[in-house]
1. Return the label of the correct value of Kirkwood radius over Cα pairs in Å, as calculated from the structure shown, out of (i) 18.6; (ii) 13.8; (iii) 13.0.
2. Could you calculate the FRET efficiency of T82 with N2 from 1/(1 + (r/R0)^6), where r is the beta carbon distance between them and R0 is 30 Å, rounded to 0.05?
3. List the GluC sites (Glu not before Pro) within the chain that fall in a DSSP loop (any state other than H, G, I, E or B) and whose Cβ has at most 15 other Cβ atoms within 10 Å.
4. Considering the chain as a Gaussian network with a 10 Å cut-off on Cα pairs, which listed residue, I21, I11, I55, attains the greatest mean-square fluctuation?
5. Would you mind finding the longest exposed-site-free stretch of the chain, with exposed trypsin sites (Lys or Arg not before Pro) meaning DSSP loop and at most 16 other Cβ atoms within 10 Å?
6. Defining a contact as two alpha carbons under 8 Å apart and six or more residues distant in sequence, what relative contact order in percent does the chain show?
Amino acid sequence: MNRTPHQDRIIRNYYQNRDSIGLQKAQEAVTELYLSEGKKRLTVWKRLESHLEKIGVKEDKIAELREADDPAAVAKLLEKFT
C-alpha cells in the first residue's frame, strides 16, 4: 500500500502517543461512569477496561476495580499515570 509522507507521519504520531491517548480515553470513561446507571454503566465499564489494559493496568487490578464499581478509585489510579 502506498502512503504519502503526510499519512506516514500521522500513523507514526498516533503510535508514539498511544499511551496518552489511552489515558485520556480512560479519564473520559471515568467521567461517564460517574454519570451512568444500569446497562449504560456496564457498557462504560467494558470500554474502560479496554483503555486500562492499553495503559498497562494489570487484569487483576481491573477486576478489583470493576468489582468495587467505584469511579473515585479508578480516578485515583489514573492520577498515577499523569
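Read-outs throughout are calculated quantities, based only on the coordinates presented, and are distinct from any laboratory measurement. Everything numeric here is computed off the predicted structure, so don't read it as measured data. Every residue, glycine among them, receives a Cβ derived from its backbone with ideal geometry; neighbour counts consider all protein chains shown.
1. (ii)
2. 0.20
3. Here the GluC sites (Glu not before Pro) that fit, given the DSSP loop and packing criteria, are E37.
4. Top of the fluctuation ranking is I11.
5. Longest run free of exposed loop sites: 4-57.
6. With pairs under 8 Å counted, the relative contact order is 33 percent.
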